[in-house]
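Some notes on the structure that comes next.
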Amino acid sequence: MKQYGLNRRGFVAAGAAALVAPRLALAQSSPYVVGTLFPMSGPNAEYGSLFTKGIELALEHIRADNMLKRPITMAVQDSLATPQGGAVGMTKLANVDKAVWVMIGFTGVSKAAAPIGTRSKVMMINGGGVGPDLAGLSPYYWNVIPLVNQEVRVLLPWLQKEKLKRIALIYVDDPLGNSVVQELRKGLAETGGELVGAHSIPPATQQFAAIAARVRDSKPDAVYFASYGAQQSQIIKQLRDNGITQQIITYSAGTIPSVVGLPESEGLIVTSQVSDWEQGDEVTQRFVKDWRAKHNGDPTSYNQNYYNAMRLFALLAQGLEKAGTEVTGETLLAELQRVRRFPLVGGEGVLEDGGTMAMPLQIGQIRNGRLQKIA
Amino acid sequence: MLFLQLFISGLQTGAIYALTAAGFALIFGATRVFHVAHGATFALAGYAYLACTDAGLPWPAGALAALVLAVAFGLAMDAFIYRPIQRHEGSFFTVFVAAFGMSIVVQSVIELVFGRGFVTVSSALTMARQVAPGIYLADIFWVAAGVAIALFVLVTLFLERTRAGIGLRALSENPELLRAYGLSSRRLSAMAFGLGSALAVPGAILTTMTSGLQPAISHQVMLISLAAAVVGGIGSLRGAALAGLLLGVVENLVIGVLDTQWSAAAGFVVLFAFILFKPSGLFGQAVTR
Amino acid sequence: MTAYLLNLATLATIFGILAASLNLLIGYAGIFSVAHAVFFGLGAYAGAQVAMLLVPDVLLACLAGGAVAALLSLGLALPALRVRGEYFVAASLGLQMMAVTVFSEAHALTGGHGGLVGIPLPTLLGFDVSAQGVFLTVCLAVLALILLAIRMLMRGSFGRSLMAIRDSESAAEAFGKDVRQLKTLVVVLGCALAGVGGALFSFYMMFVNVESFTLEQSILIMAMVIIGGTATLAGPLVGVLLLLLLPAALSFLPFIPPTQIGAVQQFIYGLAMALLMIFRPAGIAGQSAGRR
């Protein structure tokens, strides 16, 4: 049996198969069960595979380094990127698979899953969702990604410097989008800018020609959009097609390959955490080197975050093993609160009260199909 | 100016809706089959075009492949799904459920083959230029309008002037007449499915170039064609086309007044209002059958 | 493990309530609604609001959920009285699509896409019923009551009149049945029961948002009824079990990569709908391939 990776056993255990299949795990060498709750199907499946790839690399490194005495088993649940999928999947991970550490993404999924995970005392780590209300969601819920309010704060001085005063906003009408409106409106007022239009869109909308007309009508200096998944490419392409020549800006959800590789994305500004792959520290160097060897290209910040999420588990469990403490959601939480600072990809990660992690942020621009740091 | 621009965008969307809805209406009018898998035909055609373009083939080859796949799917639905059901009972809801099931199947197959992301074919045709102060127009607008008008004229001529076309129109109302004319109702029904499915192809190709495709597009197209067919008066080709145009324009104009959120619902408000207050639609006849 | 089984059983019970209530419309009255998730949602939002603002009492929440759904079922009753067949299906599709927009826009009542978070643990007449086993028992009791009521109603004159309308509206009218009143009643009843299911759902999930009340959900409930077998008491329940166990059963198949399981599941679900309609249109528990 493979001891890591998204193997079949992890998956079978998730379904009713586990009703009849005898639990293979024996007390002595029983593996640590770590779960993922990502969208593996539907229009957001691209994120699920990005997230998972980061975890897979981390698992390889953990195994190569013999960081832990016991093997790690992965349990995979499809969140479908919907709150319902999140609640059902989290219930299975907590109750059937007995996962102690669940890596999760998406704001809506997290909000639905967090009460269930908290009740079962499962650690939940988010490296993808950026809604500001993910801070302080539960003592068991931690973010290893900067939330979007931090991203907006980094962007504002840049807008000021570039003299982009009139900003039009297109946002998905959900907790994430609504907080972007608030942040931008407040922030722009402080820096002498102005929100000249805020157009909300449903998550599944695909046609933006008419919205482009309205945006154009408000004569903005730049257009900010807050969406995720497949919809982003449609927004960019249709804005460009329909005569929007102004600067387009988005947040870290725009770092996925389908956006970066889109011809119309040329010049797009994307805020995200620092992905300076030339950075000197050992952890980052190893991650980047092995990633390039394995995937023939540069990693995205999502790959990085979930690598970190998985690595964080290994670091905590290693500490617990050394102390001779059993590894459970509760002990992992205690260990995390005790240590706080961890060597992660991208530099030292400091986990703060409220479940957030301070990370350096950057402003990037897509040039020739690659995301490049510009500030 | 904004409204004129929105009206123009609406016409472009509407032209695509009109063609697709006309196909749906043609099939329903002739065979009385509520072909909700019509959206799946649209999706298949779009992805076929995309696959050919990605493979480096010229656009006529892609269009041909889309046409072949769409027609084949329409004929297969008729032969392997609708006919067996109608043979033993043919309650319209049985047909509806089976057709909906098949469109779920098509959607999942597309997901397995092409992935779930958004895909598009870049084309210089979709790039808008300023044609008047504040009015932007892309060449694809003229393509959409031209294709829609030309096809509509052709189909109307076919239905009114040719023997097969007249037979198609008589199919649902007067099967005895057909027999007297020596036309096979089976062959005519296949023709309705072939022709109706073919009408979804131009819209699919244009959509591939403008707003792009994703597997769930089949549901959306199905809902729009169905709404247009009902608003136009079920069975009326002219009505469906006009209603498709109307829905496209309404969807876009709404954005000028209300929040963008309401644009998708606007078409269904129109649909619901028509069913409540004028169920016969724009050009329909009596409704309760 | 037990927790997981109890959870699955609770979900199945709630969907059982939904399928049984939709069966009232589709199976007994011939009203082919594809907007059932709308009333499920109305009940869920109403129940959640009652629990969050007043008191998390299951009975009260169910009553509120049922009442709100019953009140707004007028939106379905109106087209049901005016049109039949394809037109009604189209109308209910329209209603479903409008409702999704309203659910996602009425932030004050529904929380929009963010949904309603923090629904408190359920109580019943002051007793805590939040333990999984206890809550399942409550749900089962509701389902049993509903099934009993449907059985009694359908065996009585109400049921006979309904089925007469389903089979031939004009004949029923000729026999002096008040078609309008009967149809309105059955729509109100079916939707109210869906609302009750919604209220239970909000306690079960502790979170509700619009994504649980979309067209896909309506189609799923409809498929449960159709696949199980319409106009029978057991049919919808068979359908519920089949469609809820399908994802679990699929994870047995070793050759499907986990990332594709969603698509494969949809494929089988769609194919089952189509094939059943061809070979067994009366559903799995239906008596014969006769008319519906």
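The values are calculated or read from the model by the stated rules, or taken from the named source; none is laboratory data. Remember, predicted model here, so these are calculated numbers, not experimental data. All Cβ positions, even for glycine, are placed from backbone atoms using ideal geometry, and neighbour counts span all protein chains on display. Heads up: the accessible areas ignore ligands, DNA and RNA and are worked out on the full protein's heavy atoms, side chains in. Shrake-Rupley method; radii C 1.70, N 1.55, O 1.52, S 1.80 Å.
Numbers at a glance
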quantity	calculated
Sole residue being over 20 Å from B:Phe193 (Cα atoms) and in contact with a helix residue (DSSP H, G or I) (Cβ under 7 Å, 6 or more places away or on another chain), chosen from B:Phe96, B:Phe118, B:Phe100	B:Phe118
Residue match in the stretch A:323-337 (condition: in contact with a Gly (Cβ under 7 Å, 6 or more places away or on another chain), assigned to a helix (DSSP H, G or I) and open to solvent by 10 Å² or more (accessible area, probe 1.4 Å))	yes
Filter pass, C:Leu74 being within 18 Å of the chain's Cα centre (by Cα), within 21 Å of B:Val33 (Cα to Cα) and not charged (D, E, K, R)	no
Test: residue in the stretch C:45-55 that is over 13 Å from C:Cys191 (Cβ atoms), within 14 Å of chain A (Cβ to nearest Cβ) and in contact with a strand residue (DSSP E or B) (Cβ under 6 Å, 6 or more places away or on another chain)	yes
Residues of the stretch A:165-180 classified as within 20 Å of the chain's Cα centre (by Cα) and not in a strand (DSSP E or B), total	8
Leading residue by the ranking (nearest to the other protein chains (Cβ to nearest Cβ)) among those in the stretch C:1-12 that are among the polar types (S, T, N, Q) and open to solvent by 10 Å² or more (accessible area, probe 1.4 Å)	C:Asn7
Subset of the stretch B:109-143 (residues that are part of a helix (DSSP H, G or I) and either in contact with a strand residue (DSSP E or B) (Cβ under 6 Å, 6 or more places away or on another chain) or modelled with pLDDT under 85 (or both))	B:Ala124, B:Leu125, B:Thr126
Given (1) surrounded by fewer than 17 Cβ atoms within 10 Å (Cβ to Cβ); (2) free of Cβ contacts under 8 Å to residues at least 60 places away in the same chain, index of the condition C:Ala172 fails	(1)
The stretch B:183-211, residues that are surrounded by fewer than 24 Cβ atoms within 10 Å (Cβ to Cβ) and not in a helix (DSSP H, G or I)	B:Leu183, B:Ser184, B:Ser211
Filter pass, A:Leu155 being open to solvent by less than 10 Å² (accessible area, probe 1.4 Å), in contact (Cβ under 8 Å) with a residue 12 or more places away in the chain and not assigned by TED's automatic domain parsing to the domain that holds A:Thr91	yes
Scope the stretch B:67-95; condition without any contact (Cβ under 8 Å) to a residue 60 or more places away in the chain and open to solvent by less than 40 Å² (accessible area, probe 1.4 Å); matching residues	B:Ala76, B:Ile81, B:Tyr82, B:Pro84, B:Ile85, B:Gly90, B:Ser91, B:Phe93, B:Thr94
Residue check, B:Ser218 of a type outside the set (D, E, K, R), under 21 Å from A:Ala230 (Cα atoms), within 14 Å of chain A (Cβ to nearest Cβ) and buried (at least 24 other Cβ atoms within 10 Å of the Cβ)	yes
Hey, C:Leu109 part of a helix (DSSP H, G or I), out of contact with any Leu (no Cβ under 8 Å at 6 or more places or on another chain), of a type outside the set (Lys, Arg) and under 23 Å from A:Ala113 (Cα atoms) or not	yes
Test: residue in the stretch C:109-118 that is among the hydrophobic types (A, V, I, L, M, F, W, C), open to solvent by less than 10 Å² (accessible area, probe 1.4 Å) and either within 24 Å of B:Ser263 (Cα to Cα) or within 14 Å of chain A (Cβ to nearest Cβ) (or both)	no
B:Val143 being within 30 Å of A:Leu239 (Cα to Cα) and either open to solvent by 10 Å² or more (accessible area, probe 1.4 Å) or over 16 Å from the mean Cα position of the chain (by Cα) (or both)	yes
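Matching residues to (1) open to solvent by 10 Å² or more (accessible area, probe 1.4 Å); (2) over 17 Å from A:Gly229 (Cα atoms); (3) among the hydroxyl-bearing types (Ser, Thr, Tyr):
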{"site": "A:Gly48", "(1), (2), (3)": "no, no, no"}
{"site": "A:Glu56", "(1), (2), (3)": "yes, yes, no"}
{"site": "A:Asn66", "(1), (2), (3)": "yes, yes, no"}
{"site": "A:Met74", "(1), (2), (3)": "no, yes, no"}
{"site": "A:Leu80", "(1), (2), (3)": "yes, no, no"}
{"site": "A:Gln84", "(1), (2), (3)": "yes, yes, no"}
{"site": "A:Ala87", "(1), (2), (3)": "no, yes, no"}
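To keep it simple, each residue is scored yes or no on (1) touching a His at 6+ places or on another chain (Cβ under 9 Å); (2) within 30 Å of A:Pro257 (Cβ to Cβ); (3) among the acidic types (Asp, Glu); (4) outside any helix (DSSP H, G or I).
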site	(1), (2), (3), (4)
B:Met77	yes, no, no, no
B:Ile85	no, no, no, no
B:Phe93	no, no, no, no
B:Gln107	yes, yes, no, no
